[in-house]
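Notes for the one structure printed next.
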2 protein chains.
Amino acid sequence: MSNNQFKRGELYSVINGMASTAVARRLQKNFRLAGLEITIEQWSVLYHLWKQDALSQQELCNRTFRDKPSITRLIDNLEKQKLVKRMPSKEDRRINLVCLTETAKLLQDKTIELANQTMDEALVGVNKNEIEIVKLVFQKVYDNLL
Amino acid sequence: MSNNQFKRGELYSVINGMASTAVARRLQKNFRLAGLEITIEQWSVLYHLWKQDALSQQELCNRTFRDKPSITRLIDNLEKQKLVKRMPSKEDRRINLVCLTETAKLLQDKTIELANQTMDEALVGVNKNEIEIVKLVFQKVYDNLL
DNA sequence: TTGAAATAGTTGCATAACTAACTATATGTC
DNA sequence: GACATATAGTTAGTTATGCAACTATTTCAA
């Protein structure tokens, strides 16, 4: 096996193991320090609902890049914590519309502020151009594997 | 809240939700299609052992960016599948050296070839310079949050 | 040399991931 | 209209993650 093969493998290792989990862990920690009892996975669902409320579970799958069982259980837990509510769609009885509660709406500003602080910590020494390239590369990777 | 805050949050969402899981899922699928029964997490441990055998669990934590309980259980599962073996260190009786079995050594070439194919699929249209920037950014992010 | 602090590893608990198999509703074709 | 197919969501089973609390061993310092 050539040394080059190992080098390419290393990028996977970098992408999968390092920054995403480091950022996620730090954000989770910052939530906890602020007395917020939500997980980053729950937050990522709320984040999309803050942008547009009353999405179907399938739509949340698409936007958060998770599969259906994962969303089912995330919504289960969010419902237990009274942060969202499943509302049956009137047009299509297969569909649950996931709606924010008032409690969840109040969390928006604080958690997004914490996420921004966390990203600022994470991105010290990284310039705008580099960030754009990372986003571009990730978009390409996602499109390639879709 | 300013629109700019949402934009910064979006990068987190991109980093955490998109490429890493898309790549991981595709690699897992490719393992399965090839009849390999290992998970990508197990593979990431084996990957470091192929580079250097007989590492302590703590050293595997550092290299795979996982915490100690995660490594304990990954090693448990790898041991069940007879891919590694815990060997007590003679210098320090607290330490387990994790050693590859012959079976695991045979998996190296095939799985790394699959990982390379997967990365090639994922990185269509991404040039070397962009890859270098992604690696650099992730290294900076990791160092910032350490 | 003995007792405190650090380090290596494990276990219990809660959340989350993926696959496969399932139910219920909607759509489309003969 | 009836039946095959597609779509939305749930459930079960296995693996993995993080944190906190635990044991065992080593190191360091009074």
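The values are calculated or read from the model by the stated rules, or taken from the named source; none is laboratory data. As the structure is a computational prediction, the values presented were derived from the model and not from experiment. Here the Cβ positions follow ideal geometry from the backbone for every residue, glycine too, while neighbour counts run over all protein chains shown. SASA here: full protein model, heavy atoms, side chains in, ligands and nucleic acids out. Shrake-Rupley method; radii C 1.70, N 1.55, O 1.52, S 1.80 Å.
Give me the Debye-computed log₁₀ of I(q)/I(0) at q = 0.17, 0.20 Å⁻¹ for chain B, equal point scatterers on Cα only, no solvent, two decimals.
-1.10, -1.32
So with the 1.4 Å probe, I'd like the accessible area per residue for the protein assembly as shown, rounded to whole Å². Intermediate values should be presented prior to the final figure.
Details: 15670 Å² over 292 residues.
For the protein assembly as shown, the solvent-accessible area averages 54 Å² per residue.
Cα convex hull of the protein assembly as shown: mean projected area in nm², to one decimal?
Values: hull surface 71.4 nm².
If you wrap the Cα atoms of the protein assembly as shown in a convex hull and average its projections, you get 17.8 nm².
Excluding residues fewer than 8 places away in the same chain, name every one of the lysines whose C-alpha is closer than 21 Å to that of B:Lys51.
A:Lys7, B:Lys68, B:Lys82, B:Lys85, B:Lys105, B:Lys110, B:Lys135
On a 1.4 Å probe surface of the protein chains, which of A:Leu49, A:Leu33 comes out largest in accessible area, and what is the full order? Display every interim value, and only then the final one.
Values: A:Leu49 0, A:Leu33 135 Å².
Accessible-area ranking of A:Leu49, A:Leu33, largest first: A:Leu33, A:Leu49.
For chain A, set up a GNM with springs between Cα atoms under 10 Å and report which of A:Ala104, A:Ala115, A:Ala34 has the largest fluctuation.
It is A:Ala34.
If packing is taken as the average number of other Cβ atoms within 10 Å across a peptide's residues, how do A:121-127, B:24-30 rank, most packed first?
Values: A:121-127: 15.7, B:24-30: 18.3.
Final packing ranking: B:24-30, A:121-127.
How much accessible surface area, in Å² rounded to 10, belongs to the heavy atoms of B:Ser70 with a 1.4 Å probe?
Roughly 50 Å² of B:Ser70 is accessible to a 1.4 Å probe.
Can you give me the distance in nm between label points at A:Asn62 and B:Ser89, each placed 7 Å from the Cα along the Cα-to-Cβ direction?
5.2 nm
Can you give the mean number of other chain Cβ atoms that lie within 10 Å of the Cβ atoms in peptide A:81-94? Display every interim value, and only then the final one.
Working: counts 0, 0, 0, 0, 0, 0, 0, 0, 0, 0, 0, 0, 0, 0.
So the per-residue partner count for this stretch is 0.
Which helices count as membrane-span-like in chain B under these terms: full DSSP H, at least 24 Å along the axis by C-alpha, Kyte-Doolittle mean of -1.0 or more? Can you show the working numbers first?
Numbers: long enough: B:102-122 (31 Å, -0.70); B:128-145 (26 Å, -0.11).
In chain B, the long hydrophobic H runs are B:102-122, B:128-145.
Other chains near A:109-120: what is the mean number of their Cβ atoms within 10 Å of each residue's Cβ?
Values: counts 2, 0, 1, 5, 3, 1, 8, 9, 1, 4, 8, 2.
What the average comes to for A:109-120 is 4.
Kindly give the distances from B:Thr72 to its copy-mates, label point to label point, with each label point 7 Å from Cα along Cα→Cβ, as nm values to one decimal ordered shortest first.
Copy-to-copy label distances for B:Thr72: 3.1 nm.
With all protein chains present, how much of the accessible area of the protein assembly as shown (probe radius 1.4 Å) comes from carbon and sulfur, to the nearest whole percent? Walk me through the intermediate numbers first.
Values: 7990 of 15670 Å².
Carbon and sulfur together cover 51 percent of it.
Tell me, what is the percent relative contact order of chain A, built from C-alpha pairs under 8 Å that lie six or more residues apart? Kindly include the intermediate steps, with their values, before the conclusion.
Values: 98 pairs, mean separation 30.7, N = 146.
The normalised contact order for chain A reaches 21 percent.
With a 1.4 Å probe on protein heavy atoms only, work out how much accessible surface A and B bury together, total over both chains, in Å² to the nearest 100. Don't skip to the end; give the middle numbers.
Details: alone 10760 and 10770 Å², together 15670 Å².
Result for this pair: about 5900 Å² buried.
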